[in-house]
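**Student:** For reference, the structure I am asking about is given below.
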Amino acid sequence: MHLDHPDTYPHRHTYTAATPTRPDGTRRALRIGLGGPVGSGKTATVAALCRALRDQLSIAVVTNDIYTREDAEFLLRNAVLAPERITAVETGACPHTAIRDDISANLEAVEDLEDSVGPLDLVLVESGGDNLTATFSKGLVDAQIFVIDVAGGDDIPRKGGPGLTTADLLVVNKTDLAPYVGVDLEGMARDAKAQRGELPVAFTSLATEGGVAPVRDWVLERLAAWAAA
Amino acid sequence: MSTMSAALLVLADGRFPAGGHAHSGGAEAAVKAGRVTDGASLEAFCRGRLHTAGLTAAGLAAATAAGIDPLAVDAAADARTPSPALRAAARRLGRQLMRAARAAWPSPELDALAAALPRGAHQPVVLGLVARAAGLGPLAVAHAAAYEAVSGPATAVVRLLSLDPFEATAVLARLAPELDAVASAAADAAGAALVEGLDALPAPAAPLLDITAEQHAAWPVRLFAT
Ligand SMILES: Nc1nc2c(ncn2[C@@H]2O[C@H](COP(=O)(O)OP(=O)(O)OP(=O)(O)O)[C@@H](O)[C@H]2O)c(=O)[nH]1
Ligand SMILES: [Mg+2]
């Protein structure tokens, strides 16, 4: 017996990234995910983006640490944003589950930020460091950045994996270390091109003043496209 | 109204995207304290949880599925959850389940509860209402609630102790007859609650789970949210 199941009852959208508006009808913020291996520079990229863009945009950050609140605490300690703009989601030891298979806690965090700090332009969702297969669900983010670093080995772009090959932007970070770890940046660029075709790749050194500029410019392009859509 | 419905499999699937994967049901604290170290101690832990928190949750879910006002059952859930950390977690999980369920089984009853409690109702209450939307009865949803009470800790302990996953699954299989009994008792109590009121619902508590949940919530470094 079906207790209460009128077949005609409409399927409701659940305010995921598939929906460009919030429940009150206003347009929601652009959501960008940042994933990649442990220690590649995801938090450093988030921090640098916040510093570069916070004067012109209303920004919030969601972190998905594996077992600590390190990422959120780093951002708080360095005061890249006001504390009420940073939320940590707990992932039960599985960041890729929280950003891909069961996005409910992250969606809640994003919506709560939009509700509590008011209209936002940009929400950055950082995944805890994971493996080369980790990708964000399209139900959670509008675009994703995959961050690797030169010290992780110059064979990573050749190995590929869904995170690296399908991300909307691949960032190869810590180019300042290239001479010390003996990596061939041109070879990395060639391998990335072979894996990613026309999808963009940015080489960055966040240790350098203004090093986040290529990522900042890409984010601003995405925002312009989002606003125009 | 039948227990044998594929909708129950969808709802009780560990991959149902409603946030459960981030919770250990107290297992992380028990592992840290040295109370859960292997398959046998996991079984003892799960048995204790099943007959306390599990039975209570199953009763609440069954009562909601039987048609008792979800707001009244939600108040009964608050009264049965002394730990503030666990009350907060139950509402967070309820809100996450609500999101997944409204996509899976849209229903005016779910919309009404979401509007009445936008920050989330207790998870077993939402579960009971989801059962109604999915065409499942009180006994079926009591099974789902009882199963969740033990499957969460078992999965978590596989991650926490690198316990042999076959052993963890064997623990769940050995508990199955007790799960059936707990689900029946919960459904019977829901039937009684329809006549006698919500005090007829079971309220066994596990004080150690409540105390360690409060301690766990204050740990600076942990793998699971509860
Ligand atoms: N030399 C150099 N160090 C960098 C650069 N970017 C980040 N780092 C350092 O690399 C370390 C890791 O950076 P994080 O930003 O914490 O890396 P993450 O990817 O967020 O790490 P997880 O969240 O733990 O996976 C820190 O010590 C940073 O200061 C860079 O461009 N050059
Ligand atoms: Mg980080």
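**Student:** Under a 10 Å cutoff between Cα atoms, tell me which one of B:Pro153, B:Pro82, B:Pro70 has the largest fluctuation in the Gaussian network model of chain B.
**Tutor:** Of the options given, B:Pro82 has the highest mean-square fluctuation.
**Student:** Counting only other chains, and only Cβ atoms inside 10 Å, what mean value do you get across the residues of B:19-32?
**Tutor:** Averaged over the peptide's residues, the number is 3.
**Student:** Could I ask something else about it? Return the long-range amide H neighbours of A:Ala134 (sequence gap of 5 or more, or a different chain), with a cut-off of under 5 Å between placed amide H atoms.
**Tutor:** A:Gly163
**Student:** Calculate, for B:Val195 and B:Ala6, the FRET efficiency according to 1/(1 + (r/R0)^6) with r their C-beta to C-beta distance and R0 41 Å; round to the nearest 0.05.
**Tutor:** 0.85
**Student:** Straight distance only, please: which lysines reach the Cα of A:Lys193 with their own Cα at less than 28 Å, same-chain residues fewer than 8 apart left out?
**Tutor:** Once the sequence-local lysines are set aside, what remains near A:Lys193 is A:Lys42, A:Lys138, A:Lys159, A:Lys174.
**Student:** If you take every residue apart from A:His96 with its C-beta less than 15 Å away from the C-beta of A:His96, what net charge results, scoring Lys and Arg +1 and Asp and Glu -1?
**Tutor:** Taking every Cβ under 15 Å from that of A:His96, the sum is -1.
**Student:** Sticking with this one: Of A:Thr133, A:Thr45, which has the most accessible area with a 1.4 Å probe, and how do the rest follow in descending order?
**Tutor:** Putting A:Thr133, A:Thr45 in descending order of accessible area: A:Thr133, A:Thr45.
**Student:** Hey, another quick one. With every protein chain present, what is the per residue accessible area of region B:35-196 (1.4 Å probe, Å²)?
**Tutor:** 35
**Student:** Counting DSSP beta bridges in the protein assembly as shown, what percent are antiparallel, to the nearest 5?
**Tutor:** Counting only bridges with both partners in the protein assembly as shown, antiparallel ones make up about 5 percent.
**Student:** Would you mind telling me the share, in percent, of accessible area of region B:35-196 contributed by carbon and sulfur at probe 1.4 angstrom?
**Tutor:** Answer for region B:35-196 is 62 percent, counting heavy atoms of protein chains only.
**Student:** Once the dipole of chain A is set up with Lys and Arg at +1 and Asp and Glu at -1 on Cβ about the Cα centre, which of A:Gly128, A:Thr21, A:Gly153 lies farthest towards its positive end?
**Tutor:** Farthest towards the positive end: A:Gly153.
**Student:** Same structure, new question: Net charge near B:Pro220, counting Lys/Arg +1 and Asp/Glu -1 over other residues with Cβ under 11 Å of its Cβ?
**Tutor:** 0
**Student:** While we're here: Given a 10 angstrom Cα cut-off, can you work out which residue in B:Leu194, B:Leu86, B:Leu136 is the most mobile in a GNM of chain B?
**Tutor:** With Cα springs under 10 Å in chain B, the top fluctuation among B:Leu194, B:Leu86, B:Leu136 is at B:Leu194.
**Student:** If a/c stays under 1.5 just call it rounded; otherwise compare a/b with b/c (prolate if a/b is bigger, oblate if not). Do that for the protein assembly as shown, with a ≥ b ≥ c from the square roots of the Cα gyration tensor eigenvalues.
**Tutor:** It comes out prolate by the Cα gyration axes.
**Student:** Whole number in Å², please: accessible area per residue of chain A, 1.4 Å probe, ligands, DNA and RNA not counted.
**Tutor:** Per residue, chain A has an accessible area of 44 Å².
**Student:** How long is the gain from A:Glu209 to A:Val38 if the chain were fully straight, where each residue apart is worth 0.36 nm and the alpha carbon distance is subtracted?
**Tutor:** Between A:Glu209 and A:Val38, full extension yields an extra 59.3 nm.
**Student:** Averaged across A:91-100, how many Cβ atoms of other chains sit within 10 Å of each residue's Cβ atom?
**Tutor:** The mean count of partner-chain Cβ atoms within 10 Å per residue comes to 4.
**Student:** Also, quick follow-up: Enter the per residue convex hull volume of region B:35-196, computed from alpha-carbon coordinates, in Å³ rounded to the nearest integer.
**Tutor:** Once divided by residue count, the hull of region B:35-196 is 112 Å³.
**Student:** I've got another one for you. Give me the accessible area buried between chains A and B, both sides summed, with a 1.4 Å probe, in Å² rounded to the nearest 100.
**Tutor:** 2800
**Student:** Can you give the local net charge around A:Thr165? Use residues other than it whose beta-carbon is closer than 13 angstrom to its beta-carbon, Lys and Arg +1, Asp and Glu -1.
**Tutor:** It works out to a net charge of +1.
**Student:** If I build a Gaussian network model for chain A, linking alpha-carbon pairs within less than 10 angstrom, which residue out of A:Val38, A:Val181, A:Val110 has the largest mean-square fluctuation?
**Tutor:** A:Val181
**Student:** Keeping every protein chain in place, order B:Tyr147, A:Tyr180 by accessible area at 1.4 Å, biggest value first, i.e. largest first.
**Tutor:** I get A:Tyr180, B:Tyr147, largest accessible area first.
**Student:** Also: I'd like the carbon and sulfur percentage of the solvent accessible area for region A:84-229, probe radius 1.4 Å, heavy atoms only, ligands and nucleic acids excluded.
**Tutor:** In region A:84-229, the share of accessible area belonging to carbon and sulfur is 52 percent.
**Student:** Tell me the angle of helix B:84-104 to the major Cα principal axis of chain B, expressed in degrees between 0 and 90 and rounded to the nearest ten.
**Tutor:** Taking Cα atoms only, the helix is inclined about 60 degrees.
**Student:** Let me ask you something else. Taking chain A as the reference, fit the longest principal axis to its C-alpha atoms, fit the long axis of helix A:104-117 to the helix C-alpha atoms, and give the angle between the two in degrees, 0 to 90, nearest 10.
**Tutor:** Tilt of helix A:104-117: around 80 degrees.
**Student:** To continue, here is another question. Put a dot 7 Å past each Cα toward the Cβ at A:Thr26 and A:Asp155; how far apart are the dots in nm?
**Tutor:** Output for this residue pair reads 5.1 nm.
**Student:** Just the projected area, averaged over all directions, of the convex hull on the alpha carbon atoms of region A:30-228: how many nm²?
**Tutor:** One quarter of the hull surface, i.e. the mean projection, equals 10.4 nm².
The values are calculated or read from the model by the stated rules, or taken from the named source; none is laboratory data. For clarity, every value in this text was computed on a predicted model and none was experimentally measured. Reconstructed Cβ throughout: ideal geometry from the backbone, glycine too, with neighbour counts over all protein chains shown. In case anyone asks, the SASA skips ligands and DNA or RNA and just uses the protein heavy atoms, side chains included. Shrake-Rupley method; radii C 1.70, N 1.55, O 1.52, S 1.80 Å.
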